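Down below is the structure, laid out as structure tokens.
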Amino acid sequence: MPFKIVIARVNHETNTFSPIATPLGAFGLLGPEWGEHAYRDQKGARTAMGAFLDIAESIPEAAIVTPVAAMAYPSGTVAGDAYHEISEAILAAVGQGCDAIMLDLHGAMVSEGADDGEGTLLEKIRSIAEHVPMCVALDLHGNVTEKMVSNCDIIVSFKTYPHIDMYETGAHAGRLLLDMIQGRAKPVMRWCQLPLLSHTMKSNTSEGAMQRAVAAAKAAEAERGVLAVSVLAGFSLADFKDAGMSVVVVADNDVDLSSTVAERIARQILDDRDGFIYASEPLAQSLALAKELATGSGSGPVLLLDHSDNVMSGGSCDTMDVLMAALEAGLADIAVGPICDPEAVAQLVKAGVGATVRDIALGNKIPRTGERHSQPPHLSGVVRTISDGDFNVTGPIYTGSTVHMGRTVVLDIGTADIIVTEERIEPYDLGVFTSVGIDPAAKSFLLLKSRMYCRPVFVPVSKGLVECDSDIGGPTSSNYANFSFRKVRRPIFPLDAD
């Protein structure tokens, strides 16, 4: 008989403070991919689901069922009907009977009616497939919960941020599941949840406390009997009870070993807790540093990273605070990419290439949840380029995929070339600029609405980097004082000092 494996992908990092809605249509260019379309979408992809498919196809007589592949950019709470439809597709596939389940999840999804999106889904799956072996791959920013750990056999998360090991994480989790199925291992899992609400800006795995924590996890995986160790930074802007850091350890038939390793690494993280907290400096101070770096030695632009409006954490991609402050501070020769403003795009396209436009209201049009709001600035300039906004990613994140920025316009205001798009896009590839005729390496400054994803591509062509946080707060600000946390468990550091 065929060995039936259900494989699915559901990825959403929910920023409950984000003003961007998350309906079903947000999960893909035209919504989720279903059934055979989900298979074709993920086959060959450098994702955990892509790895799951490769592993499953190595099993003789495997029958692979792919009910759904759904990924939405980080945004606000997932609509209840969207969550239900995606979940029901997976439950229906499992309900028809299967021999294994492999899930590519995020770990920080909050839905209407299900604060613990992944935990609730896994609990429902377990209720109809009590003894079916199941592995789960998670994002490093997952908020792991009791429900998640209790309702699957194996959890493995990314070990990199920026995330360049999605496929490798799926391969790791899938190998362990295969070993379990074939009797080579008996995975047991333990989890330590930490009273620590870390900042995303401090989850860069190439430096500081997070690098040390991941190094400890990798070292522990070399110990006899340890199958996987995951350090999850959590995602603090998903305001629900279990947001925060955690450690998950999978051992081979040794509960005491998994507990000991989890507690050891959790203690290291707690002892190093100040290293997971980010303090934003005043914007004027950041821009003064940028001007100083621009006059220093070396070639290439200075990067201005507007992490207060980071698309990959639920930002609106339309706040203008950092750009306007940079112009006021005298910075010039700036390339800005991108600002999402469909209304402005329509006006600029209508004006046409070469047209001079005056007093166009740009950005600051999406209300900011719980924050002071700026009015759209009125800018004048020349329309330099109009594009369909499509380009292919050269890597290393989402290599080979096509980015759809929607209709895209370059507005030259003299001191800055502003890329204006119809869609929210994280600038994680040079194509954001080169696709519209801008050489980013030739500019004095690049203003990027990004925290980490831009770094592997843009740092090598730059002469310096400055992190910029809006003084009045943005949807993804690193200043927790800008947000009203209501659901996260307390006490928790740094909201509670002790």
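Worth a mention:
- Lone cysteines, the chain (no partner Cβ under 4.7 Å): 98, 135, 152, 192, 454, 468
- Between the Cα long axis of helix 80-95 and the first principal axis of the chain there is an angle of about 30°, rounded to the nearest 10.
- The chain: angle of helix 255-271 to the longest principal axis, Cα-based, in degrees nearest 10: 20
- Accessible area per residue for the chain is 37 Å², calculated with a 1.4 Å probe on protein heavy atoms, without ligands, DNA or RNA.
- Computed from the Cα positions only, the extents of the stretch 317-436 along the three principal axes stand at 38, 38, 27 Å, in decreasing order.
- Carbon + sulfur, % of accessible area of the stretch 206-255 - ligands and nucleic acids excluded, 1.4 Å: 45
- Charge tally for residue 284 (other residues, Cβ to Cβ under 10 Å; Lys, Arg +1; Asp, Glu -1): -3.
- The 3J(HN,Hα) values that the Karplus relation (6.51, -1.76, 1.60; θ = phi - 60°) gives for the stretch 347-359 are, in residue order, 5, 6, 5, 4, 5, x, 4, x, 6, 9, 10, 10, 6 Hz. Gly and Pro appear as x.
- Cβ-based charge dipole, the stretch 169-250, positive-most Cα from 196, 181, 248: 181
- The phi-based Karplus calculation (6.51 cos²θ - 1.76 cosθ + 1.60; θ = phi - 60°) puts the 3J(HN,Hα) values of the stretch 327-343 at 5, 5, 7, x, 6, 9, 6, 9, 10, 10, x, x, 10, 8, 7, x, 4 Hz, whole numbers, x for Gly and Pro.
- The stretch 285-290 - phi-based ³J(HN,Hα) in whole Hz, Karplus 6.51/-1.76/1.60, Gly and Pro as x: 5, 5, 5, 5, 5, 4
- The overall shape of the stretch 410-464 is oblate: from the C-alpha gyration tensor, with semi-axes ordered a ≥ b ≥ c, the ratio a/c is 1.5 or greater and a/b is no larger than b/c.
- Summary value for the stretch 154-233: 35 percent relative contact order, contacts being C-alpha pairs under 8 angstrom separated by 6+ residues.
- Spin-label zone in the stretch 402-438 - amide nitrogen under 17 Å from a point set 7 Å from the Cα of residue 353 along the C-beta vector: 407-412, 418-420, 433-438
- Packing, as the average of other Cβ atoms within 10 Å across residues, places the peptides 36-49, 437-450 in the order 437-450, 36-49, highest first.
- Accessible surface of the stretch 8-140, 1.4 Å probe: 53 percent of it comes from carbon and sulfur atoms.
- A quarter of the convex hull surface defined by the alpha-carbon atoms of the chain gives 22.2 nm² as the mean projection.
- Computed over Cα pairs, the Kirkwood radius of the stretch 181-237 leads via Stokes-Einstein (0.890 mPa s, 25 °C) to a diffusion coefficient of 186 µm² per second.
- Note on the stretch 232-355: the alpha carbon radius of gyration divided by the globular reference 2.2 N^0.38 Å gives 1.62.
- Whole-number percent relative contact order across the chain, with pairs defined as alpha carbons under 8 Å at least 6 apart: 16
- Cα-based convex hull, the stretch 1-83, per residue volume (Å³, whole number): 92
- Cα Rg, Dmax (largest Cα-Cα span) when computed across the stretch 57-122, Å: 13.4, 42
- Remark on residue 495: its backbone amide H falls under 5 Å from those of 197, a criterion applied only to residues 5 or more positions apart or on other chains, H modelled at 1.01 Å from N.
- Once you divide the Cα radius of gyration of the stretch 435-479 by 2.2 N^0.38 Å, the number left is 1.32.
- Tensor-based shape of the stretch 159-306 (alpha-carbon gyration tensor, a/c under 1.5 rounded, otherwise prolate or oblate): prolate
- What separates the Cα centres of the stretch 127-178 and the stretch 267-304 is a distance of 33 Å.
- Cα centre as origin, Lys/Arg/Asp/Glu Cβ charges: the chain dipole, Debye: 340
- Between 0 and 90°, nearest 10: helix 208-221 axis offset from the chain longest Cα axis: 20
- Gained length - residue 271 relative to residue 374, 0.36 nm times residue gap less alpha-carbon distance: 33.1 nm
- Report note on the peptides 280-290, 140-150: ranked by the mean count of other C-beta atoms within 10 Å, highest first, their order is 140-150, 280-290.
- Close amide H partners of residue 68, meaning residues 5 or more places away or on another chain with modelled amide H under 5 Å apart, are 9, 35.
- The stretch 27-172 shape via C-alpha gyration tensor axes, a/c threshold 1.5: rounded
- Here the chain carries DSSP beta bridges of which approximately 45% are antiparallel, counting only pairs with both residues inside.
- For residue 138, the amide hydrogen comes within under 5 Å of the amide hydrogens of 156, 157, 158, counting only partners 5 or more places away or on other chains and with H modelled in the peptide plane.
The values are calculated or read from the model by the stated rules, or taken from the named source; none is laboratory data. From a predicted model like this one, the values you see are computed outputs, not experimental measurements. Cβ coordinates were reconstructed from backbone atoms using ideal geometry, including for glycine residues, and neighbour counts include every protein chain displayed. In case anyone asks, the SASA skips ligands and DNA or RNA and just uses the protein heavy atoms, side chains included. Shrake-Rupley method; radii C 1.70, N 1.55, O 1.52, S 1.80 Å.
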